[in-house]
1. Within the set of pairs 6 or more residues apart or between chains, which connect a residue that is open to solvent by 40 Å² or more (accessible area, probe 1.4 Å) inside the range 150-176 to a residue that is at pLDDT 95 or above and of a type in the set (V, I, T) with Cβ atoms less than 6 Å apart?
2. Just to check your reading of the model, which residue among S48, S44, S16 is among the hydroxyl-bearing types (S, T, Y), closer than 19 Å to Q198 by Cβ and crowded, with 18+ Cβ neighbours inside 10 Å?
3. Within the range 1-28, take every residue that is part of a helix (DSSP H, G or I) and of a type in the set (F, W, Y) and give me the one that is nearest to L55 (Cα to Cα).
4. Taking the condition in contact (Cβ under 8 Å) with a residue 12 or more places away in the chain and open to solvent by less than 10 Å² (accessible area, probe 1.4 Å), does L55 pass?
5. Here is a list of conditions, (1) away from ligand 1 (no atom under 14 Å from the Cβ); (2) open to solvent by less than 30 Å² (accessible area, probe 1.4 Å); (3) within 15 Å of L150 (Cβ to Cβ), and K122 meets all of them except one; can you say which number that is?
6. Scan the range 218-228 for residues that are within 15 Å of R176 (Cβ to Cβ) and open to solvent by 100 Å² or more (accessible area, probe 1.4 Å) and jot them down.
7. Could you run through the range 260-295 and say how many residues are open to solvent by 90 Å² or more (accessible area, probe 1.4 Å), in contact with a helix residue (DSSP H, G or I) (Cβ under 9 Å, 6 or more places away or on another chain) and free of Cβ contacts under 8 Å to residues at least 60 places away in the same chain?
8. Could you grab me the full set of residues in the range 10-40 that are closer than 16 Å to Y202 by Cβ and of a type in the set (S, T, N, Q)?
Amino acid sequence: MIDLSIVIPLYNEEESLPELFDWIQRVATKNSYSYEVIFVNDGSTDRSWEVISALCHKHPEAKGIKFRRNYGKSPALHSGFERAKGRVVITMDADLQDSPEEIPELYRMITEQGLDLVSGWKQKRFDPLSKTLPTKLFNATARKVSGIKLNDFNCGLKAYRLDVVKNIEVYGDMHRYIPYLAKNAGFKNIGEKVVQHQARKYGVTKFGLSRFVNGYLDLITLWFFSRFGKKPMHFFGLAGSLMFFVGLVSVIILGAYKLYTLFNGIAHPLITNQPYFYLALTSMLLGTQLFLAGFLGELITRNSSERNIYKIEEEI
Ligand code: UDP
Ligand code: MG
């Protein structure tokens with residue numbers, strides 16, 4: 001087994017690649033690691049693939065995967081993870097914002113401190129304020145929801161024990177939450193290391209402000225999945241029953257009061273002229289709908305191939 005797999009997702013980063021590979025090579029040689037560098041070309045429209053091909057022909061350590069179109073950073077990481085063979089897997093961005101000098105320490109933390117995952121922390125960032133400020137908010141929410149005490153969830157520079165990357169599925173835009181995915185998969189030893197960060201040297205950033213909106217939505221999805229993904233009825237059934245019950249009780253009270261006023265000859269408006277009636281009705285309807293959503297959810301999980309997914313760590 002080789003020591004290191006370095007997975008690099010990239011989209012239009014032709015200028016940075018040779019420099020980055022050289023640097024990684026220098027660090028790896030100095031520390032006498034056996035290693036592979038897996039470049040995942042995520043549908044670049046520039047000359048990135050030609051650059052990668054040239055590197056692969058020259059160096060046996062360089063490997064390239066080319067997507068037919070741009071799928072996103074998460075699928076790129078996932079396909080790199082599928083192929084990784086090193087004892088420790090390191091991901092880094094292709095834009096030279098992450099420094100390969102961090103590799104030895106990350107490697108040591110995984111192999112010697114027994115950590116499953118070490119996430120980089122760009123304590124001193126070289127990004128515009130429009131990005132660093134929302135990021136702070138984003139990380140605070142992610143900490144709260146996931147219960148993992150990390151300062152920087154979305155750092156591109158991370159190190160993993162091989163087991164971790166083979167047991168998680170990074171899809172959609174979930175690369176922002178890999179520590180959370182790992183935790184949900186049962187990997188609890190998650191560490192953090194302050195890492196160097198540089199301003200982008202070439203090219204432009206590939207993510208706009210939409211990253212924050214989508215990031216929050218994904219966080220809600222992940223939270224929901226980790227709690228109710230395999231038992232949707234526990235969520236929808238409870239919410240539905242509560243709503244239905246509130247509606248039912250209100251309707252009974254309304255009806256009983258109407259009857260009371262009728263028999264005692266007290267003047268009272270029609271039930272349908274009262275706002276409470278419509279609130280109660282809506283509540284009962286919504287409650288039934290939620291309940292049905294729960295049943296549908298259960299039917300879907302029953303038919304899904306992942307209904308009984310568990311990963312075994314060891315067997316004697
Ligand atoms: N990236 C990718 N596919 C995409 C968008 C980005 O592989 O659809 C890569 C990109 O080339 C870079 C890394 O993901 O290597 C991080 O992207 P970027 O530097 O634009 O993000 P930022 O540093 O601005 O957060
Ligand atoms: Mg970057």
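1. Between residues of the range 150-176 that are open to solvent by 40 Å² or more (accessible area, probe 1.4 Å) and residues that are at pLDDT 95 or above and of a type in the set (V, I, T), the close pairs are R161/I110.
2. Working: S48 fails: closer than 19 Å to Q198 by Cβ; S44 fails: closer than 19 Å to Q198 by Cβ.
After applying the criteria, what remains is S16.
3. Within the range 1-28, the subset part of a helix (DSSP H, G or I) is 17-28.
Filter once more, keeping what is of a type in the set (F, W, Y): 21, 23.
Details: F21: 8, W23: 13 Å.
If we take residues in the range 1-28 being part of a helix (DSSP H, G or I) and of a type in the set (F, W, Y), then F21 is nearest to L55 (Cα to Cα).
4. Details: in contact (Cβ under 8 Å) with a residue 12 or more places away in the chain: yes; open to solvent by less than 10 Å² (accessible area, probe 1.4 Å): no.
Taking the combined requirement at face value, the residue does not satisfy it.
5. It is condition (1) that K122 fails.
6. I220, F225
7. 8
8. Of all residues in the range 10-40, those closer than 16 Å to Y202 by Cβ come to 10-23, 39.
If the condition is that a residue be closer than 16 Å to Y202 by Cβ and of a type in the set (S, T, N, Q), then N12, S16 are the ones that fit.
The values are calculated or read from the model by the stated rules, or taken from the named source; none is laboratory data. Fair warning: this is a prediction, and the values are worked out from it, not measured in the lab. Every residue, glycine among them, receives a Cβ derived from its backbone with ideal geometry; neighbour counts consider all protein chains shown. Heavy atoms of the whole protein, side chains included, go into the accessibility calculation; ligands, DNA and RNA do not. Shrake-Rupley method; radii C 1.70, N 1.55, O 1.52, S 1.80 Å.
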